[in-house]
Amino acid sequence: MAELLDALAQAIRQDKLCAVVTALDGPEIGRKLLVQRAPAQDGGGSEVASTGTLGRPTLDQAAIAHAGAAMEARNSRRVSISVEAHERDFLIDVHVPQEVLVIVGAVHIAIPLVTFARELGLRTIVVDARTIFATKDRFDHVDELIQRWPEDALQEMTLNESTYVITLTHDEKLDTPALICALNHPVGYVGALGSRRTHAKRVAALQSAGVSEEQIARIHAPIGLDLGARSPAEIALSIIAEIMLVRNRKGEGK
């Protein structure tokens, strides 16, 4: 139990997505299992890791599957698992990390986008190496303004399922490395501003950099819901609407 509690405390300190499965009845009552995602040993994607046990390997595997679904949906739940023809009840308590919107590009669209995101409870970060755009005067409402190359800044961030990354610069030197970094993590949303023609060039650049087709398919482009948006504020609204749609659909387990 001490090992599990230490691992849970560390996961919460690091604001990682995780779940604690607790047996509510039967011989296993009170036993706990911590489930979280860890980098895959082959270096690609992530895999489920567990700490502790509910007493039986088969029960642990069933609980891990239920916990994985609960983490994907981002909500805690009570479930019943069959154990030797008997139903046992378990509580799955999910810790969901703080939602963070990382905006690459201190452009006009980013200004209202920060406002919308903060209204929805997201922590906001704007990253841009171009200090003429990334100024405190323009972004006095952002939680964090980073005047660095996006690739360098993102590599030092915690990028998880509650992180949403968008690129807005139209500059391949800024956008492409940032997208590669985001796609190498299990972020909840990746979006890139630009026309279909621009995105086709972007895809070619990503392919040349060794990014897989599966990873590229995660990019939402053209970014945002089709609202017929024209102004920066309207485009920002379409982007945040799409992020919420993706987030809420995952929350419903769709």
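In this structure, does Glu3 turn out to be of a type in the set (Asp, Glu), within 27 Å of the chain's Cα centre (by Cα), within 30 Å of Glu119 (Cα to Cα) and not in a strand (DSSP E or B)? Here the answer is no, as Glu3 does not meet what is asked.
Taking each residue of segment 215-237 that is within 14 Å of Val165 (Cβ to Cβ) and modelled with pLDDT under 95 and looking for partners that are among the small types (Gly, Ala, Ser) and not in a loop (DSSP other than H, G, I, E, B) with beta-carbon atoms closer than 8 Å, six or more apart or interchain, yields Ala221/Gly191; Ala221/Ala192; Ile223/Gly191; Ile223/Ala192; Ile223/Ser238. Exactly one residue out of Ile103, Ile81, Ile111 is part of a strand (DSSP E or B) and closer than 30 Å to Gly224 by Cβ, and it is Ile103.
Residues of segment 238-254 that are modelled with pLDDT under 90 and of a type in the set (S, T, N, Q): Asn248 alone.
Right, Thr163: under 18 Å from Val127 (Cβ atoms), without any contact (Cβ under 8 Å) to a residue 40 or more places away in the chain, β-branched (Val, Ile, Thr) and surrounded by 17 or more Cβ atoms within 10 Å (Cβ to Cβ) or not? When the stated conditions are applied, Thr163 does not pass them. Within segment 162-175, the set of residues being under 15 Å from Ile223 (Cβ atoms) and assigned to a helix (DSSP H, G or I) comprises Asp175 only.
If I filter segment 150-157 for residues that are surrounded by fewer than 18 Cβ atoms within 10 Å (Cβ to Cβ), more than 13 Å from the chain's Cα centre (by Cα) and not charged (D, E, K, R), do I get at least one hit? Yes - at least one qualifying residue is present in segment 150-157. Residues in segment 12-64 that are closer than 17 Å to Pro97 by Cα and either at pLDDT 90 or above or in contact with a His (Cβ under 8 Å, 6 or more places away or on another chain) (or both): Ile12, Lys16, Leu17, Cys18, Ala19, Val20, Leu34, Val35, Gln36.
Scanning segment 201-221 for residues being within 15 Å of Ala182 (Cα to Cα), in a helix (DSSP H, G or I) and among the basic types (Lys, Arg) gives a total of 1.
Based on this model, can you work out whether Ala110 counts as at pLDDT 90 or above and touching a strand residue (DSSP E or B) at 6+ places or on another chain (Cβ under 8 Å)? Yes; evaluated as a whole, the condition is true for this residue.
The values are calculated or read from the model by the stated rules, or taken from the named source; none is laboratory data. Everything numeric in this text was worked out from a predicted model, so none of it was measured. Cβ: placed from backbone, ideal geometry, glycine included. Neighbour counts: every protein chain shown.
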